[in-house]
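Okay, structure first, notes after.
Read-outs: derived from the displayed coordinates by stated rules, not from any lab. Every value quoted in this text rests on a predicted model; they were computed, and no experiment measured them. Here the Cβ positions follow ideal geometry from the backbone for every residue, glycine too, while neighbour counts run over all protein chains shown.
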Amino acid sequence: MAFHCPQCKVMLATRRLKHCSTCGAALPAEWLLSEAELEALRQEDRKLEKRRKARQKQRERDAEARRHAGWGGVRGNTVWGVNRFLG
């Protein structure tokens, strides 16, 4: 269900706020998320952030491994493929 501000009629982007992010009007209490719902969203946000950081660290480790293995695309001034065939 889409919620629209009772004052300015703009569709609400989030129900985490107690007011409209466009005009600042107070939102009806029954539209707001409960404290339990907010905590569940915070936990999900923390879980997603932890996964994002793990993926970023893995990408950094992979990039470092490629640099050390010499197949990261360019090594020194020589392109990897040329290095491979000209030895």
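Summary of computed values
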{"quantity": "Spatially proximal lysines relative to LYS18 (Cα-Cα < 18 Å; intrachain offsets below 8 disregarded)", "calculated": "LYS9"}
{"quantity": "Amide proton proximity set for HIS19, modelled H, under 5 Å, gap of 5+", "calculated": "LEU27"}
{"quantity": "Nearest-0.05 FRET efficiency for LYS53 and HIS19, computed from C-beta distance (R0 41 Å)", "calculated": "0.85"}
